[in-house]
Structures are given as structure tokens and as C-alpha cells.
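Everything on this sheet refers to the single structure shown next.
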Amino acid sequence: VSCEESSPCECVQATGRVSPEYAHSIRLDGDIILGGLFPVHSRGDRGTPCGELKKEKGIHRLEAMMFAIDLINKDPELLPNITLGARILDTCSRDTYALEQSLTFVQALIERDGSDVRCANGDPPIFTKPDKIVGVIGAAASSVSIMVANILRLFKIPQISYASTAPELSDNTRYDFFSRVVPPDSYQAQAMMDIVTAMEWNYVSTLASEGNYGESGVEAFIQISRETGGVCIAQSLKIPREPRPGEFDKIIRRLLETSNARAIIMFANEDDIRRVLDAAKRNNQTGHFLWVGSDSWGSKISPVIGQERVAEGAITILPKRASVDAFDRYFRSRSLSNNRRNVWFAEFWEENFNCKLGMHGKRPGSLKKCTGLEKVGRDSSYEQEGKVQFVMDAVYAMAHALHRMHRELCYGYPGICPRMANNIDGKELLSHIRAVGFNGSAGTPVVFNENGDAPGRYDIFQYQITNRSTAEYRVIGSWTNKLHLKVEAMRWRTGDPSLPASVCSIPCRAGERKKVVKGVPCCWHCERCEGYHYQASEFTCELCPYEMRPDTNRTGCIPIPIIKLEWHSPWAVVPVFISMLGIIATSFVIVTFVRYNDTPIVRASGREMSYVLLTGIFLCYAITFLMIATPDVGVCSFRRIFLGLGMCFSYAALLTKTNRIHRIFEQGKKSVTAPRFISPASQLVITFSLISVQLLGVFVWFAVDPPHTVVDYGEQRTQDPLSARGVLKCDISDLSLICSLGYSILLMVTCTVYAIKTRGVPETFNEAKPIGFTMYTTCIIWLAFIPIFFGTSQSAERMYIQTTTLTISLSLSASVSLGMLYMPKVYIILFHPEQNVPKRKRSFKAIVTAATMSGKLTQKGGDRPNGEVKTELCESMETNSE
């Protein structure tokens with residue numbers, strides 16, 4: 001407060017020179033004043049607000065703000081005829097202290113009540129109006145920015161930070177006047193997640209320093225992992241602000257509890273990073289952990305000094321930035337004489353050159369005195385602090401917004417027009433800040449999104465040790481909304497170019513499904529898809545369609561191979577060989593009978609019935625070829641027709657013969673008249689009547705169920721899918737087969753019954769005995785066939801066994817008939833023609849009487865030689881029949 005000179009009052013004076021009011025601030029005059037918040041000093045100990053000077057993070061950054069203001073004030077294109085000023089405060093790296101300091105920025109907006117204040121002469125005081133701050137550059141730490149932003153938003157003062165990256169500052173509802181030229185940690189967390197994904201890691205742990213930066217960074221990473229999926233957090237550990245002895249060894253041991261999670265995502269400060277690496281080294285875990293560090297690690301040397309081996313391979317991230325050469329020239333030219341505006345520069349000078357300025361220097365001890373002729377970069381090491389670029393970009397962003405606002409409110413007016421001079425509306429200025437777009441001090445675009453965040457632009461580094469044992473950070477990629485990673489540029493401690501693993505479970509092999517551990521989607525057990533199941537997805541096995549089986553990898557289904565009985569198969573060769581022999585033999589008998597058609601033996605055997613019987617025998621042999629042939633509609637049709645037809649021909653003829661014999665001798669016991677229907681024509685009619693029943697049944701079968709082929713996948717559906725086969729066959733079920741053969745079997749059984757009834761007929765009469773033996777043998781064959789055929793219905797070789805059994809049974813039946821009924825006759829015809837001569841003819845009565853008496857004669861030892869009566873009777877019967 002100041003009073004008129006004529007009426008001095010007891011008040012504190014505020015003048016343009018550095019007074020106690022500005023002892024911890026810098027003030028630059030200007031038409032428009034910007035505020036600045038920088039951590040010039042570190043946090044103080046034991047109740048003191050401020051600690052040691054921060055040369056780079058403090059002095060470099062605030063000098064960058066003043067340098068940027070100088071450049072803007074000299075720029076004729078940007079804010080012409082308008083001078084920017086500044087009020088720069090020290091936050092001492094403490095949020096509460098920064099809050100107290102930032103009240104300076106809002107003093108001009110607070111109306112003071114002077115009614116209770118009077119000067120000594122009784123006049124009311126005259127208040128000197130404080131500088132009106134239109135915008136604030138800062139702060140550095142996120143915790144400080146959060147605290148200050150809550151005050152500035154109440155007075156609608158826009159704020160642009162150059163280093164605060166906490167994700168919560170993106171909340172436009174709570175921090176609506178906050179903007180930043182650095183990307184938020186949510187982008188950094190996304191970039192780190194993209195790195196983890198690119199490295200094919202899905203099981204990681206997180207490690208954060210206690211505080212807003214570390215905790216919010218890890219929280220953002222975990223949130224992204226939940227949203228995107230595919231990455232699981234094994235453990236999420238926190239480093240206390242004041243760790244106890246052994247705390248870092250305990251952290252390493254806890255991380256080793258989930259040893260498969262080798263990748264460690266770190267949002268920690270430099271000191272914590274260094275102590276974590278040291279603890280890993282002490283616990284002999286060099287090379288085990290795969291470190292992924294945030295921008296707090298970046299490309300800094302301090303965390304890895306002395307522990308290069310344990311840090312080898314670490315992947316770190318840093319906002320894309322470049323050194324501003326003009327600032328280097330500016331800062332190297334600063335001296336005590338030309339930089340009096342910086343109230344902390346003398347303290348920096350002492351710290352930087354390790355000397356003491358006079359008796360009032362702040363550095364204690366017997367240090368050399370500063371000469372004032374020292375030079376930055378010559379007499380001390382100098383490297384531009386990493387955030388200098390962003391400080392300058394923040395100042396320029398505010399200047400561009402003011403320039404846009406001036407062009408809108410004061411178009412054509414040189415300097416500040418009354419509309420801007422009286423009141424710069426913070427909300428309007430904020431809208432102009434969010435709309436700016438220009439190339440920053442390092443040539444990168446400066447823009448803001450709707451939340452006031454700068455776009456994410458990061459460089460990806462890896463800490464590598466070369467063959468010369470020199471360690472350095474190498475750029476291996478970048479991230480600008482999308483990761484660009486040079487995997488081939490990465491180096492690992494093992495020397496193996498392949499990517500190291502950080503997974504809970506190894507990937508399942510092809511044909512195995514994942515059985516996820518409950519609550520941990522990145523951990524699973526692998527289960528083989530068994531039987532006819534295939535791997536339908538990562539987590540499921542499904543059954544292949546009935547006509548398919550899994551492929552060798554069990555990742556899909558392939559058609560089951562279709563087979564049939566091949567001609568070269570042993571199961572086919574044997575029946576075909578037997579059939580061919582039978583066909584040749586049958587053909588030979590037929591030819592012989594035709595050649596000797598009128599001889600007594602052929603005539604006595606009943607020529608017509610013999611040819612019918614031989615036809616049936618031929619068909620029984622021929623059906624083998626139809627049973628083995630490749631099934632199609634034609635083959636299936638012929639199978640239905642001829643399967644039972646050959647047997648039907650044979651046994652219908654034999655039944656007619658045995659029935660005729662039976663009727664003759666039964667009639668002979670009663671009277672001497674011949675029974676009806678014993679002539680050859682009658683016998684043929686009876687035989688073909690019996691055959692027609694079989695044909696009628698077949699035609700009904702055709703009508704009800706037309707013949708077609710099917711592929712039976714159940715017949716050879718083995719436990720091992722690789723052995724499974726589909727069997728191509730005719731659609732003839734076992735029941736249909738029995739029905740088809742059933743009529744023939746009925747004829748066979750009936751014929752056997754008649755053969756038994758005629759067993760008492762004298763052996764010298766015709767063919768009763770050979771027919772009987774034929775039928776007995778045939779019954780034995782078919783009794784053996786039934787258990788073999790139906791007993792193998794569950795066998796994998798069912799098709800082969802049943803087809804072979806059926807065809808051989810038919811061939812054997814035909815062979816028995818051919819061998820017992822016709823081979824003896826052929827033998828006599830060909831080799832004993834003297835027995836194939838006609839005998840004298842007698843009447844039916846004489847024949848029957850002779851046959852009846854022959855039994856008695858044989859009992860007495862008979863006077864006539866065997867075979868003589870038989871030949872005569874056979875011949876006489878044939879003659880009388882005709």
C-alpha cells in the first residue's frame with residue numbers, strides 16, 4: 001500500500017525496483033503480464049519451504065520463458081506494438097507453497113476493502129493496483145498444477161503447463177482452464193501398452209512411486225490394459241515416499257513371486273529407479289527383469305550409473321523433443337552483469353561455478369570467490385534441460401492466442417485497444433488458446449485437443465551395451481498416436497535377437513484349447529482336442545460334422561476318406577478266384593450236358609430241371625462280381641435282383657425234384673397210378689412259380705425303396721480319427737439282406753425236409769440220396785454263415801468280412817450242388833460211356849414194384865449187381881415221364 005507523498009502513511013511501499021515483495025519472484029514490465037511457475041528450488045526439509053537450487057529444472061526453464069518473451073517482443077509479426085511482461089514465481093517443488101505463491105496472480109481480481117484503513121492525516125489510503133495476470137505458464141509437477149489450477153479456474157485465468165503430465169488434468173470439467181504443451185501420461189501409458197503388445201508380452205507387473213505422477217500413470221496403464229485386453233497385471237506395487245531400510249529388496253522379492261512376469265512397467269522418480277536397479281543387482285537378478293520406463297527415466301544417466309548391466313535392455317520413453325540452439329547461445333551469454341532481472345541468477349552462479357559471491361554469498365565454507373568473469377559452458381559443463389523447448393512453446397502458445405484475440409478485438413489498432421486494455425476475458429482467451437496451431441521452437445506442431453492436451457509424440461529408447469562395453473541410450477522407435485518400433489535395432493543381454501518372453505503361459509499348440517485360470521485371463525492350461533473334436537477357437541473344441549474328421553493339426557475338419565472293396569484286396573481275391581473256378585466248372589457241366597443231351601444219364605437226371613439248377617448255380621457264382629463291383633445305382637439294382645435269385649433257382653429246382661420223388665413213392669404205396677404234375681413241363685411250371693415269388697418280392701422292394709448308394713461313416717468310425725473311413729455301399733441293410741435271402745433259405749429248408757422224408761427211398765432210385773447230402777451240407781454252410789455275418793457287425797472290418805463271407809457261402813453252396821449232383825454224371829459220361837446206355841422200358845407199376853422190392857432184395861443179399869437196377873429205374877422213370 002502506498003499513500004500520497006504529501007500525506008505519508010505508515011504503509012509498506014511497493015516500487016518498481018526489487019523490494020522485499022519481489023524477493024522470491026521476477027517481474028518484467030509489459031502491456032500484458034504473464035505469470036510463470038517454476039521449481040527454482042527443491043522441497044525444503046523440516047518445515048522450511050525451499051531447499052537447494054535446481055540449476056536445470058529451475059533456472060534453465062525460467063530463463064527459457066524470459067528468452068521466449070524477448071523473442072516475441074522483438075517479433076514484428078507476433079503481437080506488434082505490444083510488449084509482454086512476466087511475473088515469475090518459485091514453487092519450491094511443493095504444492096502447498098505454490099498455492100500460496102499463486103495467490104499473487106489473482107490479487108488484481110480481488111477487491112480490497114479500505115474502509116478500516118486510514119493514513120496518519122485521516123485521509124483514505126490509495127491502493128496501488130497489482131499487475132493483472134492474463135495467463136500463467138506452469139507449473140512443472142502435476143501435483144502443483146492441480147493445486148494451482150483449482151484457484152486459477154475460479155478467476156478464469158488460463159494456464160499452460162510445460163511439464164505436467166498427470167492424466168486427471170485432462171478432465172475438462174474440473175480443470176477447464178488448464179492446457180499443456182506436453183502429452184498427458186494417458187498417451188504415455190498407451191505408448192507403453194503398445195510397446196508391451198509389440199513385444200508380445202501379456203503378463204507384466206507395474207511399479208510406481210507414491211504420488212500423483214506414479215500412481216496416476218500406473219492407473220492409466222492398468223485402465224488401458226482392461227479396455228484393450230490381452231495384457232494382464234501380475235502385481236501392482238508402490239514405492240513409499242519414505243521407504244524403510246530393505247524396502248527395495250522386499251519389492252524385488254515380491255516381483256519374483258510372479259517370475260513369469262519379467263516385464264516391469266515403471267512410473268517412478270529417478271531416485272526410486274536407481275534404488276530398484278540396485279536392489280535387483282544385489283539379489284542377483286541381472287538380466288531377469290525387462291524394464292519399461294516412463295519419461296521420468298527417459299534417457300537420463302543418473303539412474304543407471306554403476307549398474308549398467310542390470311539396466312541393459314531397458315526400454316524407456318520420452319516426449320519427442322529437440323534442443324533449441326538459439327537458447328543455447330542465449331544462455332551461454334548470460335552473466336552477472338547482463339542478467340540482473342533474474343533474482344536467482346547469483347545463486348545459480350555460485351552453484352554452477354562452485355564459488356562464493358562476497359560475504360553475503362549463500363554457499364558456506366571456504367570456497368573460492370567468484371570473479372564474475374566465468375562463462376557458462378566454458379568454465380562449467382552445460383547441457384540444455386529437456387523441457388526448455390516446451391517452456392518456449394507454452395509462452396508462444398499464449399502469445400499466439402493473444403495475437404488472435406487482438407486481431408479480433410482490436411483489428412487495425414496499433415498496440416492494445418481499450419477493449420483489451422480494460423479487461424481480457426479469460427474464457428475468450430482460453431478459446432483462442434485451444435484454437436492455436438503453429439510450429440514450435442523445435443519445428444514440431446503445437447496444437448491442443450478439446451481437453452487442452454497436446455498430441456502424444458514420443459521417442460522410444462533402449463539402453464544398450466555395445467561390443468566395446470560402452471553403454472548408451474539408442475532410439476529404437478517413436479510413437480505418434482501409433483507405435484513405430486524398429487525391432488531389428490533392439491539388443492538384449494543374452495545376445496539372442498529373438499524377443500524375450502514375459503508371458504504367464506506359453507501359447508497352446510495347434511489343436512489345443514486354452515482353459516483359462518479363473519480371474520487371470522492371461523494364464524491358462526492347454527487341453528488337447530480329443531477324438532473327432534477340432535479347435536474351433538482359441539478357447540473351444542467342437543465336434544466335426546459326422547462325415548468329417550479333424551486334420552492333422554486339429555485346427556479344422558477334412559472329409560473322411562471313402563473306401564470300397566477293391567478288386568486287388570485279399571478279401572476280394574479269394575472269393576473271385578473261387579467264383580471263377582465255379583463258373584468254369586459250371587460252364588463245363590452245361591457244355592457237357594448239351595453235348596450229351598440225349599444220352600440216358602442226361603435224360604435220367606431230368607434235363608429241363610438240370611438246366612434250371614445249373615443256371616441257379618451259375619448265378620450263385622456270378623453274384624460275387626456284383627458284390628465286389630463299385631457300388632452305383634446299376635450295380636445296386638442288379639445286387640437286389642441276383643442276390644437271392646441264384647439260390648432261388650437252385651433250391652426251387654431241387655425242391656421240385658424232391659417233392660416229385662416224395663409224391664411218386666407216396667402215391668406208389670397207395671395205387672399204381674402216377675401222381676399228377678410229374679412231367680417235365682409241370683416241373684418247370686412249378687419251379688418258375690416258386691422263382692416268381694422271389695422276383696415279385698424284389699420288385700416290391702424296388703417300388704418301396706428305390707436302389708441307391710450310401711456312404712456309411714459309422715461302420716469304420718474308429719477311436720482314432722486318422723483310421724476312420726467312410727464305406728461306399730448299396731443301401732441294403734442287414735434286415736433287407738436277410739429278407740432277400742430269406743425266401744431262398746425257406747426253399748432250402750423245405751427241400752431239406754423233403755430230402756429227409758425221401759431218405760427211405762431205395763438208393764438205387766434216381767437222385768434222392770445225393771440231393772439229401774447236398775441239402776445237409778448246404779444247411780451246415782449257412783448255419784456257419786449266420787454267426788460269422790452278424791457276429792462281425794461291430795467290427796471295423798465289417799464290410800470286408802461280411803462281403804467275403806456272403807460270397808464264399810454262396811459259392812460253396814453252389815459248389816456242393818455242382819459237385820454232388822453233376823460231377824458224378826459228368827464223370828460217367830466222359831470216362832465210362834459204357835454205363836451211359838439205355839435199358840429196357842417197363843411200366844410205372846413195374847418200376848414202383850421193383851423199387852419197393854429192391855429194399856427186400858438188398859436185405860437178402862440180392863442176386864443182381866449194384867447199379868444195374870438203379871440205371872434201369874432212372875432210365876425207365878425218365879421214359880415214363882416223357
How many percent of the accessible area of the chain is carbon or sulfur, using a 1.4 Å probe? 55
Which one, [x] 33.8; [y] 69.4; [z] 67.5, gives mean projected area of the Cα convex hull in nm² as derived from the coordinates shown? [z]
Would you please classify the overall shape of the stretch 512-559 from the alpha carbon gyration tensor, given that a ≥ b ≥ c denote the square roots of the eigenvalues, rounded means a/c under 1.5, and beyond that prolate means a/b larger than b/c while oblate covers the rest? prolate
When Lys and Arg each count +1 and Asp and Glu each count -1, what net charge do the other residues less than 14 Å away from residue 407, Cβ to Cβ, add up to? -1
Would you work out which of 654, 382, 697 lies farthest towards the positive end of the dipole of the chain? Charges go on Cβ: Lys and Arg +1, Asp and Glu -1. 654
Going by average Cβ neighbours within 10 Å, how do the peptides 567-574, 89-96 rank, with the highest at the top? 89-96, 567-574
On a C-alpha basis, how far is the centre of the stretch 279-327 from the centre of the stretch 414-492 in Å? Whole number, if you could? 21
Taking only Cα atoms, what is the 0 to 90° angle, nearest 10, from helix 768-791's long axis to the longest principal axis of the chain? 10
Set of aspartates and glutamates with alpha-carbon distance to residue 769 below 16 Å, sequence-local pairs under 8 removed: none
Projecting each Cα onto the charge dipole of the chain (Lys/Arg +1, Asp/Glu -1 at the beta carbon, about the Cα centre), which of 161, 196, 336 comes out farthest on the positive side? 196
Straight-line reach check, residue 132, cutoff 13 Å on alpha carbons, 8 or more apart in-chain or any other chain, hits among aspartates and glutamates -> 29, 31, 111, 425
How much net charge surrounds residue 736 when only the other residues with a Cβ under 11 Å from the Cβ of residue 736 are counted, with Lys and Arg +1 and Asp and Glu -1? -1
Roughly how big is the chain's charge dipole about its Cα centre, with Cβ charges of +1 (Lys, Arg) and -1 (Asp, Glu), in debye to the nearest 20? 4180
Percent RCO, i.e. relative contact order, over the chain, from Cα pairs under 8 Å lying at least 6 residues apart: 9
What shape does the stretch 309-435 have by the C-alpha gyration tensor, where a ≥ b ≥ c are the square roots of the eigenvalues, rounded means a/c under 1.5, and otherwise prolate means a/b greater than b/c and oblate the rest? oblate
Rolling a 1.4 Å sphere over the protein heavy atoms, what is the accessible area per residue of the chain, to the nearest Å²? 47
Within the set 57/281; 55/300; 54/300; 156/387; 57/300, which residue pairs have Cα atoms separated by over 23 Å? 57/281; 156/387
Per-residue counts of other Cβ atoms within 10 Å, averaged by peptide: what ranking do you get for 820-829, 693-702, highest first? 820-829, 693-702
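The values are calculated or read from the model by the stated rules, or taken from the named source; none is laboratory data. Only a predicted model underlies this, so the values are computations on that prediction, with no experimental measurement involved. Note: ideal-geometry Cβ built from the backbone for every residue, glycine included; neighbour counts use all protein chains shown. Side chains included, ligands, DNA and RNA excluded: accessible areas come from the protein's heavy atoms. Shrake-Rupley method; radii C 1.70, N 1.55, O 1.52, S 1.80 Å.
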